[in-house]
Amino acid sequence: MELVGVMDIALMNEKVVFQKCSVVKDGIGNHRNEWTEDYCCFATIGGEGLASSREAEAAGTLVEDVGMTVTVRYCKKTAGIRSVTHRILFRDQVYDIVSVDHLNYKKKCLKFTCRKVRR
C-alpha cells in the first residue's frame, strides 16, 4: 500500500552541509565574511548536471551555469536556513541557495534551489 504525501526516506542518500556566513573582525579591526558549518544532513538531490544547466556569459567568456535542487527533512534547524545567510556544500562543490520552497508549509520537507559557485 502506497501512502500519499509521505516522503521516501530511501531517496535521501546524499550528504549535504549547510554553511552559515558570519562577519568576523581580525586583530586590527578589519571585517570579513567567514563560512562555518551550521548543519549537516542527508538529502535528495534533483536536477543536478545537464538537466538544469545552461550557458551564461561571464566576463566575455561562455561558462556553464549548473543548478540543482536539494530536498531535506523539515526540522527547526532547516526551517531557519535562508538564501541570504547560507550556502550548501555537496561533493566538495559550493552551491549558493537561490530560493527556499517550504512545500505548502506542511512541515514535512524543504526544497532548496541552488546554483554552483564558480571559483
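Can you name the number of the only condition in (1) modelled with pLDDT of 95 or more; (2) touching a Leu at 6+ places or on another chain (Cβ under 7 Å) that F18 fails? Checking F18 against (1) modelled with pLDDT of 95 or more; (2) touching a Leu at 6+ places or on another chain (Cβ under 7 Å), the one that fails is (2). Inspection of the range 79-100 identifies no residue that is more than 25 Å from V23 (Cβ to Cβ), in contact with a Phe, Trp or Tyr (Cβ under 7 Å, 6 or more places away or on another chain), surrounded by fewer than 14 Cβ atoms within 10 Å (Cβ to Cβ) and modelled with pLDDT of 90 or more. The residue list L103, L110 contains one member that is farther than 15 Å from V66 by Cα, crowded, with 18+ Cβ neighbours inside 10 Å, without any contact (Cβ under 8 Å) to a residue 60 or more places away in the chain and not polar (S, T, N, Q), which is L110. A51 satisfies every condition listed in (1) at pLDDT 60 or above; (2) assigned to a loop (DSSP other than H, G, I, E, B); (3) not polar (S, T, N, Q) except (1). Residues that are β-branched (V, I, T) and in a loop (DSSP other than H, G, I, E, B) within the range 97-119 comprise just one, V117. Could you say whether any residue in the range 55-68 is more than 16 Å from F112 (Cα to Cα) and at pLDDT 90 or above? No, the range 55-68 has no match at all. Is it true that T36 is at pLDDT 80 or above, surrounded by 13 or more Cβ atoms within 10 Å (Cβ to Cβ) and not aliphatic (A, V, I, L, M)? No; evaluated as a whole, the condition is false for this residue.
The values are calculated or read from the model by the stated rules, or taken from the named source; none is laboratory data. Everything numeric in this text was worked out from a predicted model, so none of it was measured. We place every Cβ from the backbone using ideal geometry, glycine too, and count neighbours over all the protein chains shown.
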